[in-house]
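Visitor: Supplied in structure tokens, the structure appears directly below.
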Amino acid sequence: MGLRGETQAAVVALLDARPEGSARRSEFHAVFLRQLVRTLKLRDPRLGAKQAEDMCVVLLQNLKTMKSLSTDRDAGAIAELRAMTRLYLTSKLGE
């Protein structure tokens, strides 16, 4: 996804916000999710809207999980999570 540092932390915090949070957080989450869905559908136009949205939820959860890991302490786990995400996307989108 290419996000780093403070930008990544801000995105994760906003995406992790609960629906009962501020309207701006809810709006950001919805826009971000729509953009991810659009990106997946560009990659594979055969994806249905619901399937693409479900896949995006999984990807966002992976992003949050990765952000919770320490690059020093959990380097191996981070590499495994990246490999798992690549395999997941390949299995869903084909290569």
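Visitor: Polar (S, T, N, Q) and closer than 18 Å to T90 by Cβ: which single residue out of Q35, Q51 fits that description?
Guide: Q51
Visitor: If you don't mind, another one. Working only within segment 58-87, note down all residues that are under 20 Å from F32 (Cα atoms) and touching a residue at least 12 places away in the same chain (Cβ under 8 Å).
Guide: Result: V58, L59, L60, N62, L63, K64, T65, M66, K67, T85.
Visitor: With L3, L40 as the choices, which residue is at pLDDT 85 or above, surrounded by 12 or more Cβ atoms within 10 Å (Cβ to Cβ) and of a type outside the set (D, E, K, R)?
Guide: Just one listed residue meets the conditions, L40.
Visitor: Among the residues of segment 68-89, write down those that are charged (D, E, K, R) and surrounded by 11 or more Cβ atoms within 10 Å (Cβ to Cβ).
Guide: Selection gives D74, E80, R82, R86.
The values are calculated or read from the model by the stated rules, or taken from the named source; none is laboratory data. As the structure is a computational prediction, the values presented were derived from the model and not from experiment. Cβ atoms come from the backbone with ideal geometry, glycine included; neighbour counts cover every protein chain shown.
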